[in-house]
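K.L.:
Have a look at this one before I ask anything.
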Amino acid sequence: LVLLGLVAPVRAQAAPPSPAREYQIKAVFLLNFTRFVEWPPRMFAAPDAPFVIGILGEDPFGHYLDDAVRKEFIDRHPIVLRRYHSSDDLAGCHLLFISRSETPRLGEILRRVQGRDILTVSDAPQFAASGGMIGLVKRADKVRLQINLAVAKQTDLAISSKLLRPSEIIGNWRKDTLPWFDPHPL
C-alpha cells in the first residue's frame, strides 16, 4: 500500500466523445429546444395535438432521440418523432433536424420551410450561416450552438434568452447574402 501511495497518479487523456455519445448529447439538445422556444398556439390543430420533431434524411441518432422524447410533453402536446425522406411533406412538423445527408439539397430545403414556423436544426457544416436557425457545432470535443437569429425572427417562434446566452449568434445576416433567399416563400 505504501508503494501505491508513492506512485504518482497517472492522468488519463480524456478521449473525445464517440459518434454515438455525440448524437446522444445532440438528442438531448433537440429535446431541450422544445422547452426554450415559444411555439405559437395556432401551430397545433387541437389542444392535445402532438408536437412533432422531424428528422429529414438519414437518422444519425439511432435510438437516442426516441429514448429522449419517450413519454415527454410540451404543455399537453405529446412529443412524437417523424422521419422524412423528402422536404415535400413536412406538414405538422414543429422542429426539423436536417441530416448531413441532405447537405447537397440544403438550399432547396430551406426555401421550402422559409416563412413557416418550423425550427430548423442541423449539424451540417455552416448550417446557421447558410440560413438554418440552429447549428450544432462541435468545438474542442463539445457541442456548441450557433443561432441565426435573423432567420428565426422571420417566424413567430420566440427563442428564449436562456438558449441565446450560451450560443454564438450569427451576425450581419442580410437577405442578399443567401443565394437561395426568396422574398416570396412557397
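K.L.:
Are any residues in the stretch 152-168 surrounded by fewer than 17 Cβ atoms within 10 Å (Cβ to Cβ) and in a helix (DSSP H, G or I), and if so, which ones?
P.N.:
Listed by number, the residues that qualify are Ser161, Lys162, Leu164.
K.L.:
Return the residues of the stretch 92-104 that are within 14 Å of the chain's Cα centre (by Cα) and in a loop (DSSP other than H, G, I, E, B); say none if nothing qualifies.
P.N.:
Hit for the stretch 92-104 is Ser99, nothing else.
K.L.:
Go through (1) assigned to a loop (DSSP other than H, G, I, E, B); (2) open to solvent by less than 20 Å² (accessible area, probe 1.4 Å) one by one and return the number of the condition Asp89 breaks.
P.N.:
Result: Asp89 fails condition (2) only.
K.L.:
Does Ile79 fit the bill of being of a type in the set (A, V, I, L, M) and in a helix (DSSP H, G or I)?
P.N.:
Values: of a type in the set (A, V, I, L, M): yes; in a helix (DSSP H, G or I): no.
No, not satisfied.
K.L.:
Examine the stretch 96-105 for a residue that is under 21 Å from Pro40 (Cβ atoms) and crowded, with 18+ Cβ neighbours inside 10 Å, and state whether such a residue exists.
P.N.:
Going residue by residue through the stretch 96-105, those that are under 21 Å from Pro40 (Cβ atoms) are 96-97.
From what's left, crowded, with 18+ Cβ neighbours inside 10 Å: 96-97.
Yes, the stretch 96-105 has at least one match.
K.L.:
Name the residue that is most open to solvent (accessible area, probe 1.4 Å), counting only residues in the stretch 134-151 that are among the aliphatic types (A, V, I, L, M), modelled with pLDDT of 95 or more and out of contact with any Lys or Arg (no Cβ under 8 Å at 6 or more places or on another chain).
P.N.:
Leu145
The values are calculated or read from the model by the stated rules, or taken from the named source; none is laboratory data. Small disclaimer: the values here were computed from a predicted structure and weren't measured. Reconstructed Cβ throughout: ideal geometry from the backbone, glycine too, with neighbour counts over all protein chains shown. Side chains are part of the model used for accessible areas, which takes the heavy atoms of the whole protein and leaves out ligands, DNA and RNA. Shrake-Rupley method; radii C 1.70, N 1.55, O 1.52, S 1.80 Å.
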